[in-house]
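Written below as structure tokens is the structure these notes are about.
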Amino acid sequence: MNTFVRLTKAGYYADFVFYPIFLLTLAGVAIARDTPAAWLLWVLLCLIGVAIWTLLEYGLHRVALHHIVLIRKLHDLHHAMPTAKIGTPTWVTGALICGFLLLPLWREAGFNLASGLTCGLAAGYLWYVTVHHATHNWRTHPNSYLHRAKRRHATHHHSQQPCNFGVTTVFWDHIFRTVR
């Protein structure tokens, strides 16, 4: 099996170590560099980054993971073995976030904007991998957010029609009429 899909235990859990450290480092540097007034802008940018993540999560799941042939075949392994340690290595997601978001934005718009948006996007990604892991591996309390996410995601895995592409939120599924 392709090593970019089937991960070792350490590789699978690396996101849960790397991303909190990455987020705390970026936030700490932003706080140390700026004034309290600039912190409000940074928090707003972070929230915008989280919102952007939810749309990216939906789009990547709906389009890339279900329609791009090579990626779809790899994602089908997850559908066949939902509790297996299958995913994208942390070094790949980290390189994409830094290489295509943080560094170009920093160069063009400055550290405050770049770190705020990047923190939001990375926090959204961390929330996604946490919720996705929980939906397949944790027992959840009825009527909780995680229980509803687990039921939506189980429907995604077992439905005959494509649906429920959002893992962390059902918002975009409502907008694009793919909720079930």
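Nothing in this text is a laboratory measurement; each read-out follows from the coordinates by a stated rule. The model shown is predicted, which means the values in this text are computed figures rather than measured ones. Virtual Cβ from ideal backbone geometry, glycine too; neighbours counted across all protein chains shown.
Miscellaneous remarks
- Here's the list of aspartates and glutamates a cross-link from Lys85 could span, going by alpha-carbon distance under 20 Å and ignoring same-chain residues fewer than 8 apart: Asp15, Glu57, Asp76.
- For the chain, the dipole from Cβ point charges (+1 on Lys and Arg, -1 on Asp and Glu) about the Cα centre works out to 640 debye, to the nearest 20.
- Proportion of all alpha-carbon pairs of the chain beyond 20 Å (%): 57
- Note that region 116-162, at 37 °C in a medium of 0.692 mPa s, gets a Stokes-Einstein diffusion coefficient of 279 µm²/s from its Kirkwood radius over C-alpha pairs.
- Helix-derived mean residue ellipticity, 222 nm - over the chain, DSSP H n ≥ 4, -39500 (n - 2.57), to 500: -21500 deg cm²/dmol
- Note on Thr35, Thr8: ascending count of other Cβ atoms within 10 Å places them as Thr35, Thr8, the fewest first.
- Counting neighbouring beta carbons within 10 Å and listing from fewest to most, the residues Leu121, Leu40, Leu146 come out as Leu40, Leu146, Leu121.
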